[in-house]
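First up is the structure itself, then whatever we jot down about it.
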Amino acid sequence: MTTTNVPLDDFKADELQLENAAVTLEDVLPKHNKPWYKVPSLLKLNLLLLIPIMSSTIVGYDGSMLNGLQSLEDWQTFFNHPTGAYLGTISAAPTFGQCFSALFAGYLPDMMGRRPPILIGALTIIVGSILQAAAQNYAMFFIARFIIGVGSGVAVTPSPSLLSELAYPAHRHVMTTAYNVMWYSGSTIAAWVTYGTFHMKTGGNWSWRIPSILQCFFPCIQVLFIYFLPESPRYLVYKDRVPEARAVLAKYHADGDDSARIVDFELAEILQAITAEKEMKASSFKAFFLPENRLRLFIVIAVPFMQQMSGNGLVSYYLSLVLNSIGITTSSEQLVINGALNIYNFGLALIITAVVNRFRRRSLFIASTSGMLFVFTIWTVLSAINQQRNFEQKSLGQGVLTMIFFFFFAYNIGLLGLPYLYMTEVLPFHLRSKGMAITQMVNGLTSVYNGFVNSIAMDAISWKYYIVYCCILALEFCVVFFFFPETKGDTLEESAQRFDNARQKGKLEADPDTALEMNTV
């Protein structure tokens, strides 16, 4: 397609063909009178959106794969049974890479578009996966995982933004929520791949090299299909390529009908929002420190902190240590539990994704943090009693295992798919990619904590370490209750605008006839 740059001044949002100023999204959505998968344009669009969603699958595969490798005797022997800081360094290697990539990944989507960084990231992950599978020593394995982390950071930063900006308006909530849910698709595959290779008798350390090389499967899919995916219409408008943006909206949101009312409606909103943002002339990271954006900065820091520091890191990266602490020590049992937990989480997360838009965002966050706090407290008490009784009472170990499954039920309600939907709603276009970069940086820093401190603390004080997470969860509940505004019920542009209005008025409406008080930072 030939790039056409036309100044935004040549396009007037209020001149687009809409009957009246009170028109809403519901008024202009096409009436298909059949399921979306029978509408060719929507079916094609949603299949193509699987490409950015795979960025989350790739990250999930990596985390679960290392969890499985720790239960493989070949891997343990090859790396001399790593523990403590030695194990933590390997676990944190991708995190170091993500933190490094965050230094520049926030600029790439606004400079190059949403698609090219995904391609660059996928190619980088492929290189890292090959090196990881061929690792001959600890240093080579660490460097390979660092490279994988760099690629993941570059690919992940634009992926949620592209999803939210390109998705069909009625599907945006589900598609954006599905992004992080697909973390479990990768983790489930990795869990059962390592279980399968555990039973291999081929020698040559293939039990851990095969899962390593398979890590490049999804990045290869992204590389093959990325240019079939259209660019974000918001990015195209931002770059004064308005005719191309209109063509994308018409092709994928109106089944090719350029005169459809939804095309005019969406383009008018995008033009109005981006024109206003350009007039502000504040698109660098410094813009987060302006009064109207400080709460946004607080949210993009708090949410990833909660995602990583709610106790889930103990299970996601050190399940074998947790299971050892309750007397479940055999490799076969641990691998089966790892695989079963991932299937459970994936199925549960898909259900939550399907119904996410029926509930307020804030309510889901509150339910999640309060539920995790309640379950983790019981988990801590049972673990303490179990250790005092020298793990002789199997029912206590089974109780702890049950609490792990209940814990992830609560976690998945509010801290799996919802955060990326929520952050894309509170961030305007000019801050969206940079906000995602900050999120990746915080994710990386907290993952370093998980990678280093969790393994050392679990070895040193066992169940007593859980008390730290009980305190963190109590703090998270307070943060959500007092500082998280509601965003349900708006289009992408309306959410950001309503947030700005709320910042000025001191309140944010959850829907047209409901108002919620909002505290500001």
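The values are calculated or read from the model by the stated rules, or taken from the named source; none is laboratory data. This is a predicted model, so every value here is computed, not measured. So basically every Cβ, Gly included, is an ideal-geometry build from the backbone, and we count neighbours across all protein chains shown.
Below is a table of values for the structure above.
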{"item": "Residues located in the stretch 127-185, provided they are closer than 19 Å to Thr487 by Cβ, of a type in the set (A, V, I, L, M, F, W, C) and surrounded by fewer than 20 Cβ atoms within 10 Å (Cβ to Cβ)", "result": "Ala170, Val174"}
{"item": "Matching residues in the stretch 475-499 - criterion: being at pLDDT 75 or above, assigned to a helix (DSSP H, G or I) and of a type in the set (A, V, I, L, M, F, W, C)", "result": "Leu475, Phe477, Cys478, Val479, Val480, Phe481, Phe482, Phe483"}
{"item": "Qualifying residue in the stretch 202-209 (condition: of a type in the set (Gly, Ala, Ser) and free of Cβ contacts under 8 Å to residues at least 40 places away in the same chain)", "result": "yes"}
{"item": "Single match in Asn338, Asn342, Asn357 (criterion: in a helix (DSSP H, G or I), of a type outside the set (Lys, Arg), in contact (Cβ under 8 Å) with a residue 24 or more places away in the chain and in contact with a Lys or Arg (Cβ under 8 Å, 6 or more places away or on another chain))", "result": "Asn357"}
{"item": "Residue selected from the stretch 381-396 under the condition crowded, with 20+ Cβ neighbours inside 10 Å and within 18 Å of Gly311 (Cα to Cα), by the criterion modelled with the lowest pLDDT", "result": "Ser383"}
{"item": "Residue that is farthest from the chain's Cα centre (by Cα) [pool: residues in the stretch 381-439 that are over 23 Å from Asn293 (Cβ atoms) and β-branched (Val, Ile, Thr)]", "result": "Ile385"}
{"item": "Residue within the stretch 186-209 that is farther than 26 Å from Asn80 by Cα, assigned by TED's automatic domain parsing to the domain that holds Val315 and under 17 Å from the mean Cα position of the chain (by Cα) present", "result": "yes"}
{"item": "Residue among Thr446, Thr369 that is in contact with a Ser or Thr (Cβ under 9 Å, 6 or more places away or on another chain), in a helix (DSSP H, G or I) and modelled with pLDDT under 90", "result": "Thr446"}
{"item": "Candidate set: the stretch 207-237, residues that are of a type in the set (Ser, Thr, Tyr) and assigned to a helix (DSSP H, G or I); chosen: the one nearest to Ala155 (Cα to Cα)", "result": "Tyr227"}
{"item": "Any hit, the stretch 453-474, residues being in a loop (DSSP other than H, G, I, E, B), touching a helix residue (DSSP H, G or I) at 6+ places or on another chain (Cβ under 7 Å) and touching a residue at least 60 places away in the same chain (Cβ under 8 Å)", "result": "no"}
{"item": "Among (1) touching an Asp or Glu at 6+ places or on another chain (Cβ under 9 Å); (2) modelled with pLDDT of 95 or more, the one test that Leu123 misses", "result": "(1)"}
{"item": "Output for the stretch 227-257, where each listed residue is among the hydrophobic types (A, V, I, L, M, F, W, C), under 28 Å from the mean Cα position of the chain (by Cα) and surrounded by 19 or more Cβ atoms within 10 Å (Cβ to Cβ)", "result": "Leu229, Leu236, Val237, Ala245, Val248, Leu249"}
{"item": "Those residues of the stretch 32-85 which are of a type in the set (D, E, K, R) and part of a loop (DSSP other than H, G, I, E, B), in sequence order", "result": "Lys34"}
{"item": "Counted residues, the stretch 417-443 - those being under 22 Å from Val356 (Cα atoms) and assigned to a helix (DSSP H, G or I)", "result": "12"}
{"item": "Matching residues, the stretch 294-342, being modelled with pLDDT of 90 or more and within 22 Å of Ile189 (Cα to Cα)", "result": "Gln307"}
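Per-residue answers, yes or no, for (1) closer than 29 Å to Gly196 by Cβ; (2) in contact with a Pro (Cβ under 8 Å, 6 or more places away or on another chain):
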| site | (1), (2) |
| --- | --- |
| Gly68 | yes, yes |
| Arg114 | no, yes |
| Leu123 | yes, yes |
| Ile147 | yes, no |
| Ser152 | yes, yes |
